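This report concerns only the one structure given below.
The values are calculated or read from the model by the stated rules, or taken from the named source; none is laboratory data. Computed from a predicted structure; not experimentally measured. Every residue, glycine among them, receives a Cβ derived from its backbone with ideal geometry; neighbour counts consider all protein chains shown. Just so you know, the surface numbers come from the protein's heavy atoms only, side chains and all, with ligands and any DNA or RNA stripped out. Shrake-Rupley method; radii C 1.70, N 1.55, O 1.52, S 1.80 Å.
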Amino acid sequence: MAIDSDPQGARIEINNEYIGKTPTSYTIAGNGDRSFNGSWVQGSMIELVATPSAQETNLFVQRKLFRPSAFFQQGDHIPEKVFFDMHLKTDQINLSQPAQITH
């Protein structure tokens, strides 16, 4: 799986494991139908995280989630390429603070 970003140089982690900086690639042993195999996942999802360089401004952490195969459940297909647009602002939910309700 090829992994790239705009701009390049983002730090890539898969399930909290450092993979490298973009552009990079990562080999995932999938099922025969090229779906994610759930045997190596320590949770219910496969999470790819791209973190921009600290020297860059106006860039944001990006996440992509994939569902692995499970007992009688088809997993997501392994993409040939994953691309992160580091310019996209993502909404962050802070669970440690109560929700503000406005009327």
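Brief remarks follow.
- Residue in segment 9-26 that is most open to solvent (accessible area, probe 1.4 Å), counting only those that are at positive phi and free of Cβ contacts under 8 Å to residues at least 40 places away in the same chain: 16
- For the residues 6, 76, the requirement of being in contact with a His (Cβ under 9 Å, 6 or more places away or on another chain) and either surrounded by 11 or more Cβ atoms within 10 Å (Cβ to Cβ) or in contact (Cβ under 8 Å) with a residue 60 or more places away in the chain (or both) singles out 6.
Results for (1) surrounded by 13 or more Cβ atoms within 10 Å (Cβ to Cβ); (2) modelled with pLDDT under 95; (3) touching a Lys or Arg at 6+ places or on another chain (Cβ under 6 Å); (4) under 16 Å from residue 12 (Cβ atoms), shown as yes or no for each residue.
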| site | (1), (2), (3), (4) |
| --- | --- |
| 30 | yes, yes, no, no |
| 33 | no, yes, no, no |
| 36 | yes, yes, no, no |
| 39 | no, yes, no, no |
| 42 | no, yes, no, no |
| 53 | yes, yes, no, yes |
| 71 | no, yes, no, no |
| 86 | yes, no, no, yes |
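- Of the listed requirements (1) of a type in the set (S, T, N, Q); (2) open to solvent by less than 30 Å² (accessible area, probe 1.4 Å); (3) under 24 Å from residue 87 (Cβ atoms), residue 57 misses just one: (2).
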